[in-house]
Structure formats: structure tokens, C-alpha cells
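Notes for the one structure printed next.
Each reported figure results from applying straightforward, stated rules to the coordinates on display, with no laboratory input. Treat the numbers as computed from the prediction; the structure is a model and nothing was measured. FYI the Cβ positions are ideal-geometry reconstructions off the backbone, even for glycines, and counts take in every protein chain you see.
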Amino acid sequence: MKSAYELAMERLNKTSPTVKMTAAQKKQLAELDSRYAAKIAERELFLKDKLAAAATQGDGEAVAQLEKQITSERKSLHAELEEKKEKVRQAG
């Protein structure tokens, strides 16, 4: 008799089977993660410096705009990363 967990895993594998990746694909995914983590950190540092300068000047509008820009750029870089990772996964 199978447990509920085993039955659920069987159903999951039928709807979306696990994909086997090669070592090269795993390496590419790790490199993409690393590269995009650096890009995100670089943009955040740059914009947070501007944000701090705007906050010291008391420019609330610029602060709000820069916070929006940080969020927007982070989302777009994450989306770009996921798109590239999906291409690597599909290549195998």
C-alpha cells in the first residue's frame, strides 16, 4: 500500500516529469546565477548611493522614484535570468 506522499509524487511526475540535466548545464546555470547576482548587487549599490544622496537632500520624490527603479531593475534582471536559465534547461 502506497502512502499519500508516494501517490502525490506519482501524480506530480505524470504531470511534469523531472528533467535530467548534464553537468555542463548545471555549471551554466550556476554561472548564470553568479553573474546575475553580481549584476543585481552592482545596480543596487549604484542606485542606493543615489538614494542616500537624495534622502540627505530631503528630496522625497526622488527617493520614491529611485526605490521604484531599484525594484523594477531587480525584477527585470530576475526575469532575464529565468529566461536564460530556461534556454539552458531546454537545450539539454
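Relative to the longest principal axis of the Cα atoms of the chain, the long axis of helix 23-57 lies at roughly 20 degrees. What's the local net charge at LYS84, with K and R +1, D and E -1, over the other residues with C-beta under 11 Å away? With Lys, Arg at +1 and Asp, Glu at -1, the net is -2.
Build a GNM of the chain with springs between Cα atoms under 10 Å apart, and of GLU61, GLU73, GLU42 the one that fluctuates most is GLU61. Spin-label pair ALA53-GLU82: with each label point 7 Å from Cα along the Cα-Cβ axis, the two points sit 3.3 nm from one another. The lysines within cross-link reach of LYS26, meaning a Cα-to-Cα straight distance under 16 Å and a gap of 8 or more places when in the same chain, are LYS84, LYS85, LYS87.
Candidate cross-link partners of LYS2 among the lysines, defined by an alpha-carbon separation under 16 Å and a same-chain spacing of 8 or more, are absent. Listed by chain and number, the lysines whose alpha-carbon sits under 29 Å from that of LYS50, ignoring those within fewer than 8 places in the same chain, are LYS39, LYS68, LYS75.
Using the C-alpha atoms of the chain, what convex hull volume per residue, in cubic angstrom, is computed?
142
Full extension of the segment from GLN69 to LYS2, taken as 0.36 nm per residue of separation minus the current Cα-Cα distance, would add 19.0 nm.
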